[in-house]
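This report concerns only the one structure given below.
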Amino acid sequence: MEFGRKYNFGRGWGHASKVRDLALKIFDETKRLGLHDMGSKERLWLEIAALLHDVGVNTGGEHHESSRKLILSSKDLREALGSSDLEVVAWIAFFHRKKPDPFKYQSHEWREFFKSEYGNVVVKLAAILRIADALDRSLLQLVEDVELEKSDDSVLVKIYSEKDAYVEVERAQKKAPLFEKVFNVKVEVKQMLR
């Protein structure tokens, strides 16, 4: 992924690859639990967005918007993915932060895109990416694994780390409301011992 390397993946390969791994695990776990029926195409979008979500961090200004614009401007990514898939990836990366709420965001560009067949998929994938990104809040790749457990209308996000991951647990809990809204569950994030 030459494009990501060009920008050092924003916060480095360690963070980008950890967020990707956690996002894909959460995607697979939510599918296993029956929370969505998305497939390999959506999983690929999430993977790319997870790797590139911070590429705009060193460009000055608001890095989430910078990341979206950089992703959209990449000729190589456009050739590899196509215009519509690239736009999906860019919006997922944009909404990985806690704010803005994609249901209330008033950008005309977003409102039009949200009405498309991809709008709700972007929001679901962004909700997954928010939690995955939060699970590397310290940028130390402390979280080794994640498992989800569903009980009625609740999901327990079990994270595994040999070190204290309090910062990650707290941040993931704070970034959980979008996940709760789109998957219609209550989320609890908890560090587990193996």
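The values are calculated or read from the model by the stated rules, or taken from the named source; none is laboratory data. Since the structure is predicted, the reported quantities are computational estimates derived from the model, not experimental observations. Reconstructed Cβ throughout: ideal geometry from the backbone, glycine too, with neighbour counts over all protein chains shown. Surface accessibility is based on the protein's heavy atoms, side chains included, excluding ligands, DNA and RNA. Shrake-Rupley method; radii C 1.70, N 1.55, O 1.52, S 1.80 Å.
Here ALA126 passes the criteria (1) under 20 Å from MET1 (Cα atoms); (2) in a helix (DSSP H, G or I) except the one numbered (1). Here region 130-143 is the region considered, the condition is being assigned to a loop (DSSP other than H, G, I, E, B) and within 24 Å of PHE183 (Cβ to Cβ), and the residue that is most open to solvent (accessible area, probe 1.4 Å) is ARG137. The residue pairs whose first member lies in region 64-91 and is free of Cβ contacts under 8 Å to residues at least 60 places away in the same chain, whose second member is of a type in the set (A, V, I, L, M, F, W, C) and open to solvent by 10 Å² or more (accessible area, probe 1.4 Å), and whose beta carbons are closer than 6 Å, counting only pairs six or more residues apart or on different chains, are LEU86/LEU77; VAL89/ILE48; ALA90/LEU72.
Considering only residues in region 120-129 that are in contact with a helix residue (DSSP H, G or I) (Cβ under 7 Å, 6 or more places away or on another chain) and open to solvent by 10 Å² or more (accessible area, probe 1.4 Å), the one that is farthest from LEU22 (Cα to Cα) turns out to be VAL121.
Restricting attention to region 116-145, the residues that are small (Gly, Ala, Ser) and more than 12 Å from the chain's Cα centre (by Cα) add up to 3.
From the list GLU168, GLU147, which one is in contact with a Phe, Trp or Tyr (Cβ under 8 Å, 6 or more places away or on another chain), closer than 23 Å to GLU47 by Cβ and among the charged types (D, E, K, R)?
Details: GLU168 fails: in contact with a Phe, Trp or Tyr (Cβ under 8 Å, 6 or more places away or on another chain).
The match here is GLU147.
Note on region 8-119: enclosed helices (runs of 4 or more DSSP H) holding 3 or more residues that are under 30 Å from ASP152 (Cα atoms) and open to solvent by less than 40 Å² (accessible area, probe 1.4 Å) are 13-32, 40-52.
Of all residues in region 153-194, exactly one satisfies the criterion of being of a type outside the set (D, E, K, R), within 21 Å of GLY34 (Cα to Cα), part of a helix (DSSP H, G or I) and open to solvent by 40 Å² or more (accessible area, probe 1.4 Å), namely PRO177. Criterion applied to LYS181, LYS190 was being more than 25 Å from VAL122 (Cβ to Cβ) and charged (D, E, K, R), and the one residue passing it is LYS190.
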